[in-house]
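What follows is a short report on a single structure.
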Amino acid sequence: MRTEEALRTTCRVLHRLLCGSIDNGCTAIYRTQIGGFLVPTALRTQRTEARLLPDQKKRIERAACIKGVSLSDFIVQNADEAAIRTIQQHESWALEVRDRDFFVEALLRPAGPSARLKAAAKRYRERVCAAK
């Protein structure tokens, strides 16, 4: 464990020397971290492409240098985190207290079928039975 910490520290120092400014081009020494683990480059086989405005690229390169990762790793990490957040937001609901209470009440005490629903069910049964 200490060897890995020493390697990370060494990489950060070397990275700061290499990335003195944004114009140097940012090349990180170590691989992408996902969930706290270093992911070997060989495992990453999929590729994508993006077109950026010059200002966007400079800003993203600067942020990557600050974080101590390559431009590619920075984009992958942040895109993956954004994808996870987006999926979680899409798959979960956050209701206000009043809305939550209304929803729970509807589940616990559902309303009976309306007259229109009963008539539709009757028509359906008549058609299905007539077709047999």
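Readers should treat all values here as calculations from the given coordinates under stated rules, not as data from a laboratory. Since the model is a prediction, treat every value here as computed from it, not as a measurement. Here the Cβ positions follow ideal geometry from the backbone for every residue, glycine too, while neighbour counts run over all protein chains shown.
For the pair residue 115 and residue 93, label points projected 7 Å from Cα toward Cβ lie 3.0 nm apart. Using the Cβ-Cβ distance between residue 45 and residue 78 with R0 set to 22 Å, the FRET efficiency from 1/(1 + (r/R0)^6) comes to roughly 0.65.
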